[in-house]
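Asker: Before anything else, here's the structure in question.
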């Protein structure tokens, strides 16, 4: 079994350290800031085996060069010139071997937030960067609504017990918006209360379970009639596809 350690960075970023079983080796996911990673590695006596990148934004890659100054490790990431440190550019695959101490894992191409975004699936743990958030999804920062819709359709096919490790602590704000879209969703209201209590106690709300997302995340629920109706009321337009409902929800959230 893999162990995942959360490293807090900036205001609300999570950098993930994935530790191999019976090993001190870790994979570092999206190190936007090097200093908290150095501190965590020192405190837990962990050794990096590789760096995994989901996309090119500075809060996800800003610490890579400093880490490489101390550790000579491979850097896996999407095939884009915007991440020059990547030594192993990736496409979608079901059997990526990063290090002998780690199991094979799946790479999923999930454009939308950015055109080149990828996610990593190890065992039942999904490291999804800024594609899927707890209660929400990423903004369109270079990709299209159609791309992000299709990427989320791919992710929602994963098993309900999949643990969702997104890169930001946005859950409370996301569920506030979700409650406007689905005011009568009791499961959503219960989750919102639980999240509120967790944040008041200083606890992270990530990871979530895919089951939670399927039950309460409106961006994964665009096929439901009442969500379509809510999106049509917001836009004042008839929406003829789930894809159009999604694009409307994303615009609504941007202006929320």
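Asker: Quick check: anything in segment 145-156 at pLDDT 95 or above and farther than 28 Å from residue 92 by Cα? Please lay out each step first, then the result.
Answerer: Residues of segment 145-156 that are at pLDDT 95 or above, as a first pass: 145-156.
After this cut, where a residue has to be farther than 28 Å from residue 92 by Cα as well, the list is none.
There is no residue in segment 145-156 that is at pLDDT 95 or above and farther than 28 Å from residue 92 by Cα.
Asker: Let me ask another. Which of the residues belonging to segment 85-102 are surrounded by fewer than 23 Cβ atoms within 10 Å (Cβ to Cβ) and under 18 Å from residue 1 (Cα atoms)?
Answerer: Scanning segment 85-102 gives 95, 96, 97, 99, 100, 101, 102.
Asker: OK, next. Can you confirm whether residue 105 is surrounded by 14 or more Cβ atoms within 10 Å (Cβ to Cβ), within 17 Å of the chain's Cα centre (by Cα) and under 22 Å from residue 14 (Cβ atoms)?
Answerer: yes
Asker: Which numbered condition trips up residue 99, out of (1) in contact (Cβ under 8 Å) with a residue 24 or more places away in the chain; (2) within 19 Å of the chain's Cα centre (by Cα)?
Answerer: Going through the list (1) in contact (Cβ under 8 Å) with a residue 24 or more places away in the chain; (2) within 19 Å of the chain's Cα centre (by Cα), residue 99 breaks only (2).
Asker: Follow-up question, since we're still on this one. Answer yes or no as to whether residue 179 is over 26 Å from residue 27 (Cβ atoms), assigned to a helix (DSSP H, G or I) and not assigned by TED's automatic domain parsing to the domain that holds residue 58.
Answerer: It is true that residue 179 is over 26 Å from residue 27 (Cβ atoms), assigned to a helix (DSSP H, G or I) and not assigned by TED's automatic domain parsing to the domain that holds residue 58.
Asker: Something else now. Please find, within segment 163-176, the residue that is nearest to residue 253 (Cα to Cα) out of those that are touching a helix residue (DSSP H, G or I) at 6+ places or on another chain (Cβ under 9 Å) and assigned to a helix (DSSP H, G or I).
Answerer: The extreme case among them is 174.
Asker: If a residue must be under 21 Å from residue 149 (Cα atoms) and touching a strand residue (DSSP E or B) at 6+ places or on another chain (Cβ under 6 Å), how many such residues does segment 80-113 contain?
Answerer: Selection size over segment 80-113: 7.
Results for (1) touching a helix residue (DSSP H, G or I) at 6+ places or on another chain (Cβ under 7 Å); (2) closer than 18 Å to residue 113 by Cα, shown as yes or no for each residue.
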residue: 151; (1), (2): no, yes
residue: 199; (1), (2): yes, no
residue: 220; (1), (2): yes, yes
residue: 230; (1), (2): yes, no
residue: 249; (1), (2): yes, yes
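Asker: Something else about it: Would you call residue 214 within 21 Å of residue 134 (Cβ to Cβ), at pLDDT 95 or above and surrounded by fewer than 16 Cβ atoms within 10 Å (Cβ to Cβ)?
Answerer: Yes.
Asker: Output yes when any residue across segment 141-159 is assigned to a loop (DSSP other than H, G, I, E, B) and on the phi > 0 side of the Ramachandran plot, and no when none is. Working first, answer last.
Answerer: At the first step, the residues of segment 141-159 found to be assigned to a loop (DSSP other than H, G, I, E, B) are 141-144, 156-159.
Now restrict to residues that are on the phi > 0 side of the Ramachandran plot: 142.
Yes, segment 141-159 contains a residue that is assigned to a loop (DSSP other than H, G, I, E, B) and on the phi > 0 side of the Ramachandran plot.
Asker: Mind checking which residues of segment 193-221 are farther than 24 Å from residue 247 by Cα and assigned to a helix (DSSP H, G or I)?
Answerer: 193, 194, 195, 196, 197, 198, 199, 200
Asker: Please work out if residue 243 is in contact with a helix residue (DSSP H, G or I) (Cβ under 8 Å, 6 or more places away or on another chain), at pLDDT 95 or above and farther than 22 Å from residue 126 by Cβ. Break it down into steps so the answer makes sense when it comes.
Answerer: Values: in contact with a helix residue (DSSP H, G or I) (Cβ under 8 Å, 6 or more places away or on another chain): yes; at pLDDT 95 or above: yes; farther than 22 Å from residue 126 by Cβ: yes.
Considered against the rule, which asks whether it is in contact with a helix residue (DSSP H, G or I) (Cβ under 8 Å, 6 or more places away or on another chain), at pLDDT 95 or above and farther than 22 Å from residue 126 by Cβ, residue 243 comes out as yes.
Asker: For residue 238, which of the numbered conditions (1) closer than 24 Å to residue 147 by Cβ; (2) under 19 Å from the mean Cα position of the chain (by Cα); (3) free of Cβ contacts under 8 Å to residues at least 60 places away in the same chain fails to hold?
Answerer: Status for residue 238: all satisfied but (2).
The values are calculated or read from the model by the stated rules, or taken from the named source; none is laboratory data. As the structure is a prediction and not an experimental result, all values here were calculated from the model. Using ideal geometry, Cβ is built from the backbone for each residue, glycine included, and neighbour counts are taken over all protein chains shown.
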